[in-house]
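Each remark here refers to the structure printed beneath this line.
The values are calculated or read from the model by the stated rules, or taken from the named source; none is laboratory data. What you see is a predicted model; the values in this text were computed from it and never measured. Cβ sites come from the backbone with ideal geometry, for glycine too, and all protein chains shown count toward neighbours.
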Ligand SMILES: NC(=O)c1ccc[n+]([C@@H]2O[C@H](COP(=O)([O-])OP(=O)(O)OC[C@H]3O[C@@H](n4cnc5c(N)ncnc54)[C@H](OP(=O)(O)O)[C@@H]3O)[C@@H](O)[C@H]2O)c1
């Protein structure tokens, strides 16, 4: 019988790429957990089975995992700074706990959990590895750290084969998170916040999907945690310069000190959150310019055979092309 797979978060960036790849590969039945108001029609058109539900609704999760062999749990409350701490916690932590429990009850054979390198906070002594200490730097990262620990403990205690992956910054077609940076470089108004010497490591979304599928298939992966990112870090100066070259524009060498911007981010959060508005600037966004995120992918290479193929120049070019095709740039 063909295996059945459940993907959560398929209306989002990574989950969408993963679910489409699974359909393209054609060797399993793909079910996706979608919220009632999510834009899910295109997924159904591709032949995926929609299971309407919500991570905050345990009964809906029970139906979603019924008859499923592999769960790829990608969904999270991520670009939702307007949410209260409680709502973020209910989705990312309680939702994961509920999904683990119903998956175990339903006899799921593998649970692949998407965490984040953000659980480590800043990496002061690069490269970070799977053994680097947890030091989440904001409430989103706190929920990712807690959910990951829970998934790991649940797997050990109940014999559910859990695999955890921690992606670094994901980019590529369909992502809108880096669009602001592209737009600002393109318009000529971009100013680096801080020195720009901070290291950042990104992964092109299709490379990440390769790694996630290895987490779902490799027998050696069970019970393990893998950092999945591109093969090397780049300074922010180098990333923005590559974007500028891709777009055929020049960027200013003027810089803005990061501390006042960080304070402005904190103020925006303070004002916007009680009003339920996503703040235009928030501390996690400013942390992008302040915190080193450089990692080793040696474990994923050795254990999974993970091998990212798209280098930064190529990945940024493909991303820019997609933004242009969508009329976003
Ligand atoms: N993007 C990155 O750079 C990055 C880096 C490290 C880790 N990650 C992790 O990677 C995963 C995917 O990130 P992404 O960039 O693809 O995020 P995304 O585009 O924001 O997608 C989030 C997905 O989660 C779903 N979701 C949110 N709350 C839900 C709930 N209560 N019940 C059911 N589904 C819910 C969303 O559904 P709707 O369409 O209904 O909103 C959407 O499909 C997340 O776990 C994130 O923490 C991302």
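When the stretch 91-119 is filtered for residues that are in contact (Cβ under 8 Å) with a residue 60 or more places away in the chain and under 17 Å from the mean Cα position of the chain (by Cα), the ones remaining, listed by number, are 112, 114, 115, 117. Within the stretch 300-321, being assigned to a helix (DSSP H, G or I) and within 19 Å of the chain's Cα centre (by Cα) holds for 300, 312, 315, 316, 318, 319. Determine if the stretch 181-203 includes at least one residue that is more than 14 Å from the chain's Cα centre (by Cα), modelled with pLDDT of 95 or more, within 16 Å of the ligand (Cβ to nearest atom) and in a loop (DSSP other than H, G, I, E, B). Within the stretch 181-203, not a single residue is more than 14 Å from the chain's Cα centre (by Cα), modelled with pLDDT of 95 or more, within 16 Å of the ligand (Cβ to nearest atom) and in a loop (DSSP other than H, G, I, E, B).
When the stretch 5-37 is filtered for residues that are within 14 Å of the ligand (Cβ to nearest atom), over 12 Å from residue 72 (Cβ atoms) and in a strand (DSSP E or B), only 34 remains. Taking the stretch 136-157 as the range and being within 13 Å of the ligand (Cβ to nearest atom) and either closer than 16 Å to residue 95 by Cβ or buried (at least 20 other Cβ atoms within 10 Å of the Cβ) (or both) as the test, the residues that pass are 139, 140, 141, 142, 143, 144, 145, 146, 147, 148, 151.
Considering each residue of the stretch 122-140 in turn, at least one proves to be touching a residue at least 40 places away in the same chain (Cβ under 8 Å), more than 30 Å from residue 253 (Cα to Cα) and in a helix (DSSP H, G or I).
Out of everything in the stretch 38-55 that is without any contact (Cβ under 8 Å) to a residue 24 or more places away in the chain, part of a strand (DSSP E or B) and within 13 Å of the ligand (Cβ to nearest atom), what residue ends up being nearest to residue 22 (Cα to Cα)? Checked the stretch 38-55; the qualifying residue nearest to residue 22 (Cα to Cα) is 50. Every condition in (1) closer than 26 Å to residue 217 by Cβ; (2) part of a helix (DSSP H, G or I); (3) within 12 Å of the ligand (Cβ to nearest atom); (4) in contact with a strand residue (DSSP E or B) (Cβ under 9 Å, 6 or more places away or on another chain) is met by residue 98 except one, and the failing one is (4). Per the listing 2, 58, 62, the residue uniquely within 13 Å of the ligand (Cβ to nearest atom) and more than 22 Å from the chain's Cα centre (by Cα) is 58.
Of all residues in the stretch 65-78 being more than 18 Å from residue 155 (Cα to Cα) and more than 8 Å from the ligand (Cβ to nearest atom), which is surrounded by the most Cβ atoms within 10 Å (Cβ to Cβ)?
The extreme case among them is 66.
Mind listing whichever residues of the stretch 160-178 are touching a helix residue (DSSP H, G or I) at 6+ places or on another chain (Cβ under 6 Å) and either closer than 16 Å to residue 12 by Cα or within 13 Å of the ligand (Cβ to nearest atom) (or both)?
Those that are touching a helix residue (DSSP H, G or I) at 6+ places or on another chain (Cβ under 6 Å) and either closer than 16 Å to residue 12 by Cα or within 13 Å of the ligand (Cβ to nearest atom) (or both): 164, 165, 166, 167, 168, 170, 171, 172, 173, 174, 175.
Contact map, the stretch 289-309: first residue at positive phi, second residue at pLDDT 95 or above and buried (at least 18 other Cβ atoms within 10 Å of the Cβ), Cβ cut-off under 7 Å, separation 6 or more or different chains; pairs are 305/214. Of all residues in the stretch 79-95, those satisfying the criterion of being buried (at least 19 other Cβ atoms within 10 Å of the Cβ) and near the ligand (Cβ under 7 Å from one of its atoms) are 91, 95.
For the stretch 108-129: of the residues being within 21 Å of residue 212 (Cα to Cα) and surrounded by fewer than 18 Cβ atoms within 10 Å (Cβ to Cβ), which is farthest from the ligand (Cβ to nearest atom)? My answer is 109.
Take the stretch 284-319 and flag every residue that is crowded, with 20+ Cβ neighbours inside 10 Å and within 30 Å of residue 86 (Cβ to Cβ). Across the stretch 284-319, the qualifying residues are 286, 287, 293.
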